[in-house]
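The values are calculated or read from the model by the stated rules, or taken from the named source; none is laboratory data. From a predicted model like this one, the values you see are computed outputs, not experimental measurements. Don't worry about glycine lacking a Cβ; one is built from the backbone with ideal geometry, like all the others, and counts go over all protein chains shown.
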C-alpha cells in the first residue's frame, strides 16, 4: 500500500505503542508546522473549541505532512456531513467529541466508511484524500485506513462506555477528564481524586473490551497514573497553553532582570 494512504497512527495504535501528543488550537498553518517539529507522536487539531475552518484544517494537514507526526482531527461534532467534508480533504483519524450512545457511535463509523459498510459519499475526483483519483484502488483501500476514536465525557457516555467501545469500526475510545469532571461536579478540577478515579476506571473498562484508549493529562503525575491504568496514547499540553505561559514567563524574567540572551 502506498505511503500516501497508510494511516501510521492507526497502525501504531493497534500495535499497542505508547504515543504522546499535543493539542493544537491556533488557526495557523505556520504554528502547526512549528508544532510538527516538536517530537510528539501526534497532533490533535481541535476544531471543536477553536475557530478552525475546513480550509484551516486542510492548511494544517498540508503543513504537517512532511514531518514525522500524525494529525488527528477533532470536529465540532459527529454530524455525518461535517465528517464527509473532512474525509475528502484527507482526514484519516478522527477524535469525535461528546459521544453518549451506541447509535451515535454507529453513525460516526458509517459516515467515514464507503458503501457497502458505510454511507460516505463518493467524490474522489475533487478529493485530496484520493489525490484526485491518482491513488489506485482508493475506494477499495480507504475504509481500512480510517481511524475512529470516540470521546467519552458525560455521565451517559460513561454509562454506555463498554457498549460504545465494542461497536464494530470503533478503533479507540478517548476519555475527556475536563468535561467528565464537570459532569461529576468538579468543574475545573481534572486532578481531583474522584475524577482521576473515574477516568482510571474508564480506561480499565475500555481495555477490558479489547480496545486501545486515550486520555488528556494535565500533569506528569497524571500521565504516569493513566498509562499505568492502560492508556496508550496521551495528550499532554496545548499550543495555546505553551504560548501563553511562555510569553508570561519571558515577561516575568525580563522584568526581573534575569532573562538570558538566546533563551527565546
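Observations on the model:
- Residue 194 satisfies every condition listed in (1) in contact (Cβ under 8 Å) with a residue 24 or more places away in the chain; (2) surrounded by fewer than 14 Cβ atoms within 10 Å (Cβ to Cβ) except (1).
- Matching entry among 70, 87 (being under 15 Å from residue 23 (Cβ atoms), in contact with a helix residue (DSSP H, G or I) (Cβ under 8 Å, 6 or more places away or on another chain) and at pLDDT 95 or above): 70
- Meets criteria (surrounded by 15 or more Cβ atoms within 10 Å (Cβ to Cβ), more than 18 Å from the chain's Cα centre (by Cα) and either modelled with pLDDT of 95 or more or outside any helix (DSSP H, G or I) (or both)) for residue 167: yes
- Qualifying residue in region 5-22 (condition: touching a helix residue (DSSP H, G or I) at 6+ places or on another chain (Cβ under 6 Å), over 29 Å from residue 133 (Cβ atoms), outside any strand (DSSP E or B) and at pLDDT 95 or above): no
- Among the residues listed as 11, 111, the single one being within 30 Å of residue 207 (Cβ to Cβ) and crowded, with 16+ Cβ neighbours inside 10 Å: 111
- Residue that is surrounded by the fewest Cβ atoms within 10 Å (Cβ to Cβ) [pool: residues in region 145-157 that are assigned to a helix (DSSP H, G or I) and out of contact with any helix residue (DSSP H, G or I) (no Cβ under 6 Å at 6 or more places or on another chain)]: 156
- Of the residues making up region 94-135, those that are outside any helix (DSSP H, G or I), free of Cβ contacts under 8 Å to residues at least 40 places away in the same chain and farther than 22 Å from residue 9 by Cβ number 9.
- The listed residues are 237, 257, 214, 246, and the only one of them that is out of contact with any helix residue (DSSP H, G or I) (no Cβ under 8 Å at 6 or more places or on another chain) and in a loop (DSSP other than H, G, I, E, B) turns out to be 257.
- Yes/no for residue 129 being farther than 30 Å from residue 179 by Cα, crowded, with 17+ Cβ neighbours inside 10 Å and at pLDDT 95 or above: yes
- Residue that is within 24 Å of residue 43 (Cβ to Cβ), free of Cβ contacts under 8 Å to residues at least 60 places away in the same chain and either surrounded by fewer than 21 Cβ atoms within 10 Å (Cβ to Cβ) or in contact with a strand residue (DSSP E or B) (Cβ under 9 Å, 6 or more places away or on another chain) (or both), where the choices are 178, 238, 187, 172: 178
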